[in-house]
C-alpha cells in the first residue's frame, strides 16, 4: 500500500464508529484508509453477549459483531492497517498521520479512537470479563434479573448504574472506598431512596470470586482491614472512562475530561476537515448503536465538506481575473 497517495479520508480507530464511517465512506467512493489499531474492536472485544443492537434478534458475541462490521466495510473497498497511529499533524492540508516512520496523508480525517472503561486492575476482574464482570449497566443489566449485584465506585456513574441495575436485580451493593461520595447529591439521594440499593463504605474490592462465572467479591474495609465475601452474580465497575485522545492533545479542542468537542449536532471538530465520532466525543450515551450512528454522520459530514471545498475551489478558478 503506497503511503504517498493523498486519500480523501483516513479513519483512525476500528470499532463501531470507525467501521461504520469506513462503510459509508467506501460506498461513497472515498477510498477510506482505516488505521484500526492493534486492539481493534474496542470495548466490544471484552463483551460476551450483545442483545441490544438492532438486527441481531438472537443476540451476538461482541467480537463476532465487530468482525461483521469490519467485513462489511471491507466488502465495499475500505482498506485497513492493523496498527496504532503514533503521530498526527492537523496544522495544514493534506493532514498527515504516522504509524512509526510510515506517513499517510488525507484531505479529511475521522477520529474514532473510542474510550476505555477504567478497571480496578485485578487479575480476577480481567479473567471474568464478560462472565459476570461488566462496565455498562445499560448493556448488561437484563442478564441479571433477580440477582445480587455489586457495583464498585462512588461517583455519578456508580449511582446511575446502581439505580438502573435495581430495576432488574434483587439486591445491589455499592462498594466505595470513602464514607462520602463524589457523586452529586441528587444522584446519591436517588440511589439511597431505592430499597434494593445498599452501601458498603470505606471499602474496596480485593478480588472477584468465581471460576467460570462471577459468584461473589471479596471486600476489604480500609479502616479495619477486615475482609468479607459478598455473594454476587454480577460485578459492575463504575469508576469512569478515559477517552483515547492523547494522540490529538494540543491539536484539537477537547473538554476537561479529554473528550473531543464537536459542533452542535454535527461531528465537526475545531479543525475544518477533521471529524470525531463515537465514544471519543460522547461521554453521555456510550452505546454501540450511538457510536455507529455518529460514524455514519462523520462519513456524511466529511463527504459534504469535501464537496463544498471543491466547489469553492472551482468557483475561485472560474472567477474572472482583474
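Residues in the stretch 39-74 that are surrounded by fewer than 17 Cβ atoms within 10 Å (Cβ to Cβ) and within 30 Å of residue 304 (Cα to Cα): 54, 55, 67, 68, 71, 72, 74. Only one of the numbered conditions (1) in a helix (DSSP H, G or I); (2) in contact with a helix residue (DSSP H, G or I) (Cβ under 7 Å, 6 or more places away or on another chain) is not met by residue 157, and that is (2). Taken over the stretch 27-58, residues that are assigned to a helix (DSSP H, G or I) and touching a helix residue (DSSP H, G or I) at 6+ places or on another chain (Cβ under 6 Å) amount to 2. Of all residue pairs spaced 6 or more apart or on separate chains, those with beta-carbon atoms under 7 Å, a first member in the stretch 126-151 that is at positive phi and a second member that is at pLDDT below 95 and part of a helix (DSSP H, G or I) are 130/46.
In the stretch 80-92, the qualifying residues are those that are out of contact with any helix residue (DSSP H, G or I) (no Cβ under 9 Å at 6 or more places or on another chain) and either in contact (Cβ under 8 Å) with a residue 40 or more places away in the chain or part of a strand (DSSP E or B) (or both), and the one that is surrounded by the most Cβ atoms within 10 Å (Cβ to Cβ) is 81. Among residues that are surrounded by 15 or more Cβ atoms within 10 Å (Cβ to Cβ), touching a helix residue (DSSP H, G or I) at 6+ places or on another chain (Cβ under 7 Å) and modelled with pLDDT of 95 or more, residue 110 is included.
Close contacts from the stretch 289-316, counting a first residue that is in the same structural domain as residue 62 (by TED's automatic domain parsing) and a second that is outside any helix (DSSP H, G or I) and loosely packed, with under 11 Cβ neighbours inside 10 Å, with Cβ to Cβ under 9 Å and a gap of 6+ residues or different chains, come to 289/54; 290/284; 297/265. Scoring residue 189 on the criteria (1) under 27 Å from the mean Cα position of the chain (by Cα); (2) in a helix (DSSP H, G or I) leaves a single failure, condition (1). Residue 278 fulfils the conditions (1) within 26 Å of residue 180 (Cβ to Cβ); (2) buried (at least 16 other Cβ atoms within 10 Å of the Cβ) except for a single criterion, (1).
Can you confirm whether residue 313 is over 22 Å from the mean Cα position of the chain (by Cα), assigned to a helix (DSSP H, G or I) and at pLDDT 95 or above? So residue 313 does not fit the description; no. Among the residues of the stretch 61-76, are any in the same structural domain as residue 250 (by TED's automatic domain parsing) and within 18 Å of residue 302 (Cβ to Cβ)? Taking every residue of the stretch 61-76 in turn, at least one turns out to be in the same structural domain as residue 250 (by TED's automatic domain parsing) and within 18 Å of residue 302 (Cβ to Cβ).
The values are calculated or read from the model by the stated rules, or taken from the named source; none is laboratory data. Not measured: the values here are computed from a predicted model. Because the Cβ atoms are built from the backbone with ideal geometry, glycine has one as well, and the counts that use them run over all protein chains shown.
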